[in-house]
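Let me begin by presenting the structure, written as structure tokens, before commenting on it.
The values are calculated or read from the model by the stated rules, or taken from the named source; none is laboratory data. Worth saying up front: this structure is predicted, and the values here are computed from it rather than measured. Neighbour counts run over all protein chains shown; Cβ positions are idealised from the backbone, glycine included.
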């Protein structure tokens, strides 16, 4: 009597590749999937969505000139520090400008009392 195996046998082919090999090839070469979705009503375009998906290793992406994550404060601590430093410099500049405007006023006016 033959019983069916509970789990299928793994694929065994002469030219077969395992998932790690396939993933390594995709990440090494990179793959791009692009598509557009358009919604029209009576020949009037109501909505257009452009989808772009790139699957590649970080090194391959940088080689292709894609490095947007390095400048995104939500994804990079270095970008967050740059953003905070820029904001800090802007605030210091605004304070300096306000100090210049109020230099000639009496001390009571500077403190907000008359």
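Each residue in the range 33-58 was checked for being farther than 30 Å from residue 20 by Cβ and over 17 Å from the mean Cα position of the chain (by Cα), and 14 pass.
Taking the criterion of being modelled with pLDDT of 80 or more and not in a helix (DSSP H, G or I), the only residue of the range 58-72 that qualifies is 65.
Scanning the range 25-52 for residues that are at pLDDT below 80 and surrounded by 10 or more Cβ atoms within 10 Å (Cβ to Cβ) yields 25, 26, 27, 28, 29, 30, 31, 32. Going through (1) out of contact with any strand residue (DSSP E or B) (no Cβ under 6 Å at 6 or more places or on another chain); (2) surrounded by 10 or more Cβ atoms within 10 Å (Cβ to Cβ) one by one, residue 103 falls short only on (2). With respect to being free of Cβ contacts under 8 Å to residues at least 24 places away in the same chain, part of a helix (DSSP H, G or I) and farther than 20 Å from residue 32 by Cα, residue 75 falls outside the description.
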